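Report on the following structure.
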Amino acid sequence: MQKSTLTKWSARIAAATVIAATAALVPAATAQAGTPHKFRLCNYGSGYDTVVEFPNHGGYAFRVLAGKCQTISPVLKDPNQAVSLYAVQGQWKGSRSYVFAGFSYADSRGIDITTRGTYGAVNWSWR
């Protein structure tokens with residue numbers, strides 16, 4: 001092959017790589033926020049359940065089993081409700097549970113949370 005042909009092929013491969021990488025990022029960048037007045041958690045983790053606690057709302061909590069999703073419609077009067085997320089093996093608040101995240105939740109905006117990973121290394125994201 002001539003040098004100019006190699007240069008053209010290299011440029012085409014580089015352009016295709018950039019286009020593919022950009023296409024992969026577009027869905028993540030355009031993901032919509034949660035549905036207003038809905039709190040959704042999907043636990044795609046392995047070896048643990050996730051407990052969602054609203055400590056300032058009478059300690060209300062719910063448990064999402066590994067591999068499951070759950071959506072609730074909490075009735076929260078505080079626009080910035082505290083939330084704690086626990087990784088749990090067995091009994092909640094027992095020796096095999098720990099808080100891996102805490103944040104404020106605005107019910108008017110809603111939230112969609114995803115957890116992944118293992119009991120000792122939980123990864124989570126929200127939108």
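The values are calculated or read from the model by the stated rules, or taken from the named source; none is laboratory data. Keep in mind it's a predicted model, so treat the numbers as computed, not measured. Note: ideal-geometry Cβ built from the backbone for every residue, glycine included; neighbour counts use all protein chains shown.
What are the residues in the stretch 103-122 that are without any contact (Cβ under 8 Å) to a residue 40 or more places away in the chain and either loosely packed, with under 12 Cβ neighbours inside 10 Å or not assigned by TED's automatic domain parsing to the domain that holds GLU53 (or both), if any?
Scanning the stretch 103-122 gives SER104, GLY120, ALA121.
Looking only at strands (runs of 3 or more DSSP E) that lie completely in the stretch 70-127, which have at least 2 residues being at pLDDT 90 or above and under 13 Å from the mean Cα position of the chain (by Cα)?
Those strands (runs of 3 or more DSSP E) span 97-105, 111-118, 121-126.
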